[in-house]
Amino acid sequence: MTASPSEDGIPDEAFAVLSDWLPANDDHSRPLISLATVDADGRPDARSVLLSEFDRSGFFVHTDSRSRKVADIEAHPEVAFSVAWPADLRQLTVQGVARRASPDEEAASYARRSRYLQLLAWLNTPEFALFPTGEQEDKWAAFEAAHPDGTLAAPDTWLGFVIEPTRLTFWEGNPRAASRRTEYRRATDATWSRAILPG
């Protein structure tokens with residue numbers, strides 16, 4: 001079965017499901033995704049990160065430039081992630097290629113982050129991690145007091161990636177029948193195909 005191509009990337013039908021399943025980009029409650037990468041030596045890794053936003057071009061995540069996941073992505077930009085809604089019997093799995101987001105998008109995403117996450121982007125350093133808990137709390141409070149809300153721009157280490165999907169898999173469970181997957185795959189000519197698969 002062939003899905004109608006979208007001029008903007010993700011096909012209309014798949015994007016409609018994404019818009020139904022994922023919170024709107026202006027919703028401060030961001031979903032936690034499990035992002036999988038492969039390092040330069042071919043070893044897999046996974047970690048939970050916030051999905052900052054999504055649009056027709058793909059899925060945006062942001063992190064510290066010194067992190068291990070950035071080194072992994074630079075070595076192998078092919079990544080995957082999943083997010084599950086157990087109560088709703090739903091799961092989304094995405095395979096794609098991670099590319100750097102634009103500076104404007106990175107700045108806008110930082111501005112939308114909670115106060116805590118904005119401070120964390122500045123203070124979550126290797127040096128800060130070595131301080132005892134009490135000293136960390138004192139330094140955190142001092143930094144926060146010195147930088148009133150709305151005055152912090154993103155640190156130089158803040159960067160973003162857009163994961164441009166090549167495969168989208170929507171899993172739906174059914175307690176009264178078999179679960180099933182609806183899978184969209186992107187071909188090299190940027191057209192998409194759709195298949196219904198067993199769960």
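The values are calculated or read from the model by the stated rules, or taken from the named source; none is laboratory data. Predicted model, so just to flag it, every value in this text is computed and none were measured. Every residue, glycine among them, receives a Cβ derived from its backbone with ideal geometry; neighbour counts consider all protein chains shown. Protein only, heavy atoms only, side chains kept; ligands, DNA and RNA dropped before computing areas. Shrake-Rupley method; radii C 1.70, N 1.55, O 1.52, S 1.80 Å.
So Val38 passes all but one of these: (1) open to solvent by less than 40 Å² (accessible area, probe 1.4 Å); (2) touching a helix residue (DSSP H, G or I) at 6+ places or on another chain (Cβ under 8 Å); (3) β-branched (Val, Ile, Thr); (4) over 16 Å from Gly160 (Cα atoms). Which condition number does it fail? The number of the failed condition is (1). Within the bounds of segment 69-79, is there any residue that is out of contact with any Phe, Trp or Tyr (no Cβ under 7 Å at 6 or more places or on another chain) and closer than 25 Å to Arg180 by Cα? Yes - at least one qualifying residue is present in segment 69-79.
For segment 149-170, the count of residues that are over 17 Å from Asn124 (Cα atoms), polar (S, T, N, Q) and surrounded by fewer than 15 Cβ atoms within 10 Å (Cβ to Cβ) is nonzero.
If we scan segment 99-113, do we find a residue that is in contact with a Leu (Cβ under 8 Å, 6 or more places away or on another chain) and not in a helix (DSSP H, G or I)? The answer is yes, given that some residue of segment 99-113 is in contact with a Leu (Cβ under 8 Å, 6 or more places away or on another chain) and not in a helix (DSSP H, G or I). Among the residues making up segment 183-197, those that are surrounded by 15 or more Cβ atoms within 10 Å (Cβ to Cβ) and either touching a helix residue (DSSP H, G or I) at 6+ places or on another chain (Cβ under 7 Å) or in contact (Cβ under 8 Å) with a residue 60 or more places away in the chain (or both) are Tyr184, Trp192, Arg194.
Only one of the numbered conditions (1) of a type outside the set (A, V, I, L, M, F, W, C); (2) open to solvent by less than 80 Å² (accessible area, probe 1.4 Å); (3) touching a strand residue (DSSP E or B) at 6+ places or on another chain (Cβ under 9 Å) is violated by Arg112, and that is (2).
For segment 20-36, check the following and say yes or no: at least one residue is on the phi > 0 side of the Ramachandran plot and not β-branched (Val, Ile, Thr). Checked segment 20-36: no residue is on the phi > 0 side of the Ramachandran plot and not β-branched (Val, Ile, Thr).
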